[in-house]
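Below is the structure I would like to discuss, written out as structure tokens.
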Amino acid sequence: MLSGTKVGLRARHEDDIPILQAELYDDVVTHSRAQGSPWRPITPGSKDSLLVVDDKEQGHVPFSVVELDGGTLVGTATLWGIDNHNRAAHIGLGLLPSARGKGYGTDVVAVLCHYGFVVRGLQRLQIETLSDNAAMLRSAESNGFVREGVLRSSAWVMGEFLDEVLLGLLVQEWKPNSKT
């Protein structure tokens, strides 16, 4: 497990999937804001779920996020779009409703940075988030990410186009602040 100050990132367990599906995936609005694809119902236990891990997929590394204090599942984190040639990847995370507003997102971003830069040897990490996602913008910027641009009307979310903010962090700019 990779550890921050509040949370740990570990492998996805089979019993995590129903919780993540019920609290994140089945929430149509949350899913629509977090994913670049439309929501559709998925049968519980389906191997078609976005939450089922394919260990052979090298460009996508999903984690379950747990509280260090007690090991309670609080969300999901992902390093995705891994480009080994250009040594870059994207960061994504989703916290269960009960885990929001506790500083876990900032800690998850810190641990994903450690994983990307130290464990994977990447040069650049990138985050794309909706321009009104204040929590993710705060988590990214407190970990040193820099706003690089706005993708105007680039995300179709629940009947309207929304702007996305593009943030980047280079390894030489990174200031590690988490224990691992």
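Contour minus end-to-end for R40 and A11, with contour as 0.36 nm per residue of separation and end-to-end as the Cα-Cα distance?
Length gained between R40 and A11: 7.9 nm.
Can you list which of the trypsin sites (Lys or Arg not before Pro) found in the range 14-75 are DSSP loop residues with at most 11 other C-beta atoms within 10 Å?
K47, K56
If amide H atoms are built 1.01 Å from N in the plane of the peptide, which residues on other chains or at least 5 residues away come under 5 Å of the amide H of T72?
For T72, whose amide H was placed from the backbone, the distant partners under 5 Å are E67.
Another question about this same structure. Using a 1.4 Å probe and counting only protein heavy atoms, arrange W80, W156, W174 so the residue with the most accessible area comes first.
Ranked list, largest accessible area first: W156, W80, W174.
Here's another thing I want to ask about it. How large is the accessible surface per residue of the range 3-134, computed with a 1.4 Å probe and reported in Å² as a whole number?
Details: 6460 Å² over 132 residues.
Per residue, the range 3-134 has an accessible area of 49 Å².
Using helices alone, what [θ] at 222 nm do you get for the chain, with -39,500 (n - 2.57) per DSSP H run of 4 or more residues, divided over all residues and rounded to the nearest 500?
-5000 deg cm²/dmol, from helical runs alone.
So, one more: Where the only charges are on Cβ atoms (+1 Lys, Arg; -1 Asp, Glu), what is the dipole of the chain about its Cα centre, to the nearest 20 debye?
Dipole size: approximately 500 debye.
Given that compact globular proteins tend to follow 2.2 N^0.38 Å, what is the ratio of the alpha-carbon Rg of the range 1-75 to that value?
1.14
Let me make sure I get this right: for the range 110-167, a, b and c are the square roots of the gyration tensor eigenvalues over alpha carbons, sorted descending. Under 1.5 in a/c it's rounded, otherwise prolate if a/b > b/c, else oblate. Which is it?
Prolate.
Using a 10 angstrom cutoff on alpha carbons, build the Gaussian network for the chain and name the most mobile of V118, V157, V108.
V118
Also, quick follow-up: If you take every residue apart from D163 with its C-beta less than 14 Å away from the C-beta of D163, what net charge results, scoring Lys and Arg +1 and Asp and Glu -1?
Computed value for this residue: -2.
Now a separate question. Given a 10 angstrom Cα cut-off, can you work out which residue in L125, L79, L162 is the most mobile in a GNM of the chain?
L162
Using protein chains only and a probe of 1.4 angstrom, how many square angstrom of V28 are accessible, to the nearest 10?
Probe radius 1.4 Å; accessible area of V28 about 50 Å².
Report the residue, chosen from G81, G45, G103, that carries the largest GNM mean-square fluctuation when the chain is represented by alpha-carbon nodes joined by springs under 10 Å.
Judging by the Gaussian network model, the answer is G45.
Hey, another quick one. Among [x] 16.6; [y] 15.4; [z] 19.1, which one is Kirkwood radius over Cα pairs in Å computed from these coordinates?
Of the labelled values, this structure produces [x].
The values are calculated or read from the model by the stated rules, or taken from the named source; none is laboratory data. Since we're looking at a predicted model, the values are computed, not measured. Heads up, the Cβs are rebuilt from the backbone with ideal geometry, glycines too, and the neighbour counts pull from every protein chain shown. When the accessible area is computed, the model is the full protein with side chains, heavy atoms only, and any ligands, DNA or RNA have been set aside. Shrake-Rupley method; radii C 1.70, N 1.55, O 1.52, S 1.80 Å.
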